[in-house]
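Heads up, the thing below is written out as structure tokens.
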Amino acid sequence: MGVALMAVGCQESLEERCEREAREYTEKHCPTPVAKDVVMDSMTFDKATHTITYAYTLTGQLDDSAVVEGAHSRDLLLQEIKNSAHLRLYKEAGYSFRYVYHSGKKKGTQLLDATFRQSDYR
């Protein structure tokens with residue numbers, strides 16, 4: 001019985017798992033190019049809001065707010081969330097997904113900040 005209790009006590013919650021995986025991904029893989037002119041800077045998790053945030057830097061032709069907004073970026077991101085099998089567990093838990101895109105040429109300039117909640121992707 002003591003072993004069973006110990007095993008249960010050592011299991012991490014979904015929140016802890018998400019926080020750990022986001023931190024480990026960022027430490028091991030970021031910054032990393034994900035497409036032409038797109039670099040993923042970090043992935044974080046906010047326990048208070050149950051939000052996974054993906055931060056990117058855009059360069060080249062994509063480094064323009066008119067291009068980002070005009071490309072139906074929000075619609076494309078939402079479709080990605082809806083179709084993503086690797087987000088299934090987090091979608092089932094009702095987590096939110098936030099995408100933040102920054103300019104590479106104008107440091108500190110945010111080109112897009114989009115958050116998708118369960119009501120958006122269900």
Under 21 Å from the Cα of K47 - lysines, other chains or at least 8 residues apart: K91
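Could you work out the helix-only [θ] at 222 nm for the chain, with each DSSP H run of four or more residues adding -39,500 (n - 2.57) and the total divided by the number of residues, to the nearest 500 deg cm²/dmol? Spell out each step's value before the answer.
On the way: 6 runs with 51 residues, N = 122.
One gets -11500 deg cm²/dmol as the mean residue ellipticity at 222 nm.
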Dipole of the range 68-122, positive end: most advanced residue of S103, Q118, N83 [Cβ charges, Cα centre]: S103
Residues whose placed amide H lies under 5 Å from that of L111, excluding near-sequence neighbours: Y101, H102, S103
Gap separating the Cα centres of the range 68-84 and the range 12-29, nearest whole Å: 24 Å
Two-decimal ratio, the range 6-122, of alpha-carbon radius of gyration to 2.2 N^0.38 Å: 1.15
Using θ = phi - 60° and Karplus 6.51 cos²θ - 1.76 cosθ + 1.60, couplings along the range 96-111 (whole Hz; Gly, Pro as x): 9, 10, 10, 10, 10, 10, 10, 7, x, 8, 10, 3, x, 8, 8, 8
Most mobile listed residue (V67, V38, V100) in the chain, GNM with C-alpha springs under 10 Å: V67
Relative contact order (percent, whole number), the chain, Cα cutoff 8 Å, 6+ residue spacing: 21 percent
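Note the full-extension length gain between K36 and D113 as 0.36 nm times their separation in residues minus their Cα-Cα distance, in nm to one decimal.
Length gained, K36 through D113: 25.7 nm.
Each reported figure results from applying straightforward, stated rules to the coordinates on display, with no laboratory input. Model, not experiment: these values are computed from the prediction. Cβ sites come from the backbone with ideal geometry, for glycine too, and all protein chains shown count toward neighbours.
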